[in-house]
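Here, each number is a calculation from the coordinates, and none is a lab measurement. Treat the numbers as computed from the prediction; the structure is a model and nothing was measured. We place every Cβ from the backbone using ideal geometry, glycine too, and count neighbours over all the protein chains shown.
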């Protein structure tokens with residue numbers, strides 16, 4: 001009897017292991033398709049276009065393209081990390097994605113400060129040709145290798161203007177002498193403030209309303225959309241349409257996380273963010289078209305300053321800062337400028 005039992009066991013082992021393994025393969029959690037959750041941290045408030053695009057377009061499109069294998073979790077209004085901390089957190093992997101640009105990346109890769117320079121882009125079309133074209137592809141790949149985050153696209157956030165507590169708008173750079181102008185806290189941002197002729201003062205975006213209300217700063221530079229969404233018009237009196245920077249933000253993903261997505265999911269994730277460019281930009285362009293009238297209705301003076309004077313001031317200032325521009329690719333700089341012609 002014992003011998004018969006042993007024979008039956010041996011036969012079972014020889015005949016059924018493949019079937020048992022096949023069944024295990026279907027049911028084993030380890031063999032199921034791996035899923036990924038992107039944690040996106042941003043200082044932008046809920047009403048801003050580059051917050052809306054994440055929730056209203058990128059999230060559903062991303063989950064559609066990947067069949068739910070990649071999901072997006074958005075933390076806006078500095079609810080997860082402050083504006084100063086979001087890029088370092090993304091580099092470390094404490095967050096998966098954040099918005100960045102040449103000014104913030106310059107701390108880690110000084111050559112990117114070139115893309116923060118005032119008046120480097122003529123207009124939105126010029127910016128798109130550069131950053132959402134071959135130059136941007138090369139730049140973003142270099143950032144991924146050197147910094148550890150990979151920008152996937154460039155979103156327009158509006159042309160930056162100068163918004164002051166003083167009822168007299170800044171019509172020339174001389175009007176900014178001694179003005180405590182709020183700038184984000186990075187060397188490249190502060191350099192832009194100096195180039196404009198002001199006394200740049202670092203303040204986080206989430207603290208800016210209070211800083212303006214209490215007089216900690218005399219003004220701020222932001223696109224019209226951010227001025228409206230942050231309600232800074234409630235505590236300021238004038239806006240000069242200097243358009244000194246075509247404002248952009250680059251949705252950037254932690255490079256180690258990107259590599260973990262593999263060649264199947266990477267192009268789908270990028271596709272969702274690239275398709276978001278038009279959605280985001282249309283929101284911004286639509287709002288910009290109506291905001292001048294809105295600010296005037298709120299009692300602010302909105303003026304067209306001497307832009308040529310600002311351009312000369314800014315360009316001359318940058319070219320004098322030899323230590324700051326020593327890492328710039330001046331051939332590329334000239335090439336970008338010619339693309340605007």
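Quick notes
- Global geometry of the range 237-296, whether rounded, prolate or oblate, following the gyration tensor of its Cα atoms and the 1.5 cut on a/c: prolate
- Rounded if a/c under 1.5, otherwise prolate or oblate - the range 113-161, Cα gyration tensor axes: prolate
- The label-point distance for residue 320 and residue 75, in a model that sets each label 7 Å from Cα toward Cβ, rounds to 4.3 nm.
- Against the main long axis of the alpha-carbon atoms of the chain, helix 255-297 sits at an angle near 30°.
- Efficiency of FRET between residue 292 and residue 341 - r from beta-carbon atoms, R0 35 angstrom, step 0.05: 0.80
- Hypothetical label at residue 275: residues of the range 137-168 whose amide nitrogen lies under 19 Å (7 Å Cα-Cβ projection): 152-156
- Stretchable slack from residue 187 to residue 266, in nm (0.36 nm times residue separation minus alpha-carbon distance): 25.2 nm
- Principal-axis analysis of the Cα atoms of the chain puts helix 307-320 at an angle of about 70° to the longest axis.
- Computed on the chain, with alpha-carbon pairs under 8 angstrom and 6+ residues apart, the relative contact order is 23 percent.
- Pairwise label distance in nanometres, residue 216 with residue 109, each label 7 Å out on the Cα-Cβ vector: 3.2
- In the chain, the longest principal axis of the Cα atoms and the axis of helix 187-196 are about 20 degrees apart.
- The distance between label points at residue 333 and residue 146 comes to 1.5 nm (points 7 Å beyond Cα on the Cα→Cβ vector).
- Whole-number D in µm² s⁻¹ for the range 81-228, Kirkwood Cα-pair radius fed into Stokes-Einstein, 10 °C, 1.306 mPa s: 97
- Computed extension gain for residue 92 through residue 138, at 0.36 nm per residue and net of the alpha carbon distance, reaches 14.3 nm.
- Anisotropy class of the range 239-341 from Cα gyration tensor, a/c 1.5 cut: oblate
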